[in-house]
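See structure below.
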């Protein structure tokens, strides 16, 4: 049974990581490789030094995705003295995206296509009457892009340029994620998990930091999830966001 038919009959899972942290290289990548799983890593390519370790990750089959260079978010985060989406133009955000793309192509010319990830899951510039979506800009340059949202992605109906995702908090367990994956499988949908930092130990659910940027999701709990996914390949496909999005495009082209 090919992968296209497999997902149509069951569901799909993508594991994605934001911001390119050292803990992802130290914990997530070795675990993924151990279980033969491929993930998507969205990095901010600011300098060649930052990028160097990620070339090997990309060459091993993982997707290296575009997360912009500057990671511009809303000033509501409290970054009043920094560049914000409210004060950024469509042209400026496109320039930032394309600069990141240039760096990533220099790093990994073997990967000719990649997906995009909206910093802070926000897809607009300006505010009020002058607020504009930059999803159309992203759609010009990428086959798909990840945002966030409540419902797992329906293969026929989801907007490929603002895919929904499930943000993983540090206090969650591997079994929590397995149950979410099973729910998506039951609906024959595509669930995308979002991880940030990784941690050797599971943080307390009462630690405020555990609710933001993954809170250092436990490496042990991540291994539990990966083991489940690797043992159920006939029931659910686990693949990069790029590869699953390409399958969706193929399905839609046949209709």
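Just so it is clear, none of the values below were taken in a lab; they were calculated from the coordinates. Everything numeric here is computed off the predicted structure, so don't read it as measured data. A quick note on method: Cβ atoms are made from the backbone with ideal geometry, for glycine too, and the neighbour counts reach across all protein chains shown.
Each residue in 87, 238, 158, 254 was given a count of other beta-carbon atoms within 10 angstrom of its own, and listing them fewest first yields 254, 87, 158, 238. Computed over the range 104-157, the alpha-carbon pair-distance distribution with 5 angstrom bins reads 4, 14, 19, 23, 19, 11, 7, 2, 0, each value a whole percent. Equivalent ellipsoid of the range 70-109: semi-axes from √(5λ) of the C-alpha gyration tensor, largest first, are 25, 11, 6 Å. Sorting 138, 13 from the fewest to the most surrounding beta carbons within 10 angstrom yields 138, 13. When both bridge partners sit in the chain, DSSP labels roughly 10% of those beta bridges antiparallel. Spin-label pair residue 233-residue 113: with each label point 7 Å from Cα along the Cα-Cβ axis, the two points sit 2.3 nm from one another. Remark: relative contact order (the chain) = 27 percent; criterion is Cα-Cα distance under 8 angstrom and separation of 6 or more residues. Given the alternatives (1) 17.6, 57; (2) 17.6, 54; (3) 18.9, 61, Rg and Dmax of the Cα atoms in Å as computed for this entry is given by (2).
For a modelled paramagnetic label at residue 105, 7 Å from Cα along Cα-to-Cβ, the residues of the range 135-171 in reach, with backbone nitrogen under 17 Å, are 138-144. The modelled label-to-label distance for the pair residue 87/residue 34, using points 7 Å beyond Cα in the direction of Cβ, is 4.6 nm.
Fewest-first ordering of 120, 73, 226 by other beta carbons within 10 Å of each residue's beta carbon gives 120, 73, 226. In deg cm²/dmol and to the nearest 500, what is the mean residue ellipticity at 222 nm of the chain if only DSSP H runs of at least 4 residues count, each as -39500 (n - 2.57), divided by the residue total? About -11000 deg cm²/dmol. A crude spin-label estimate for the pair residue 150 and residue 120, with each label 7 Å from Cα along the Cβ direction, gives 2.3 nm.
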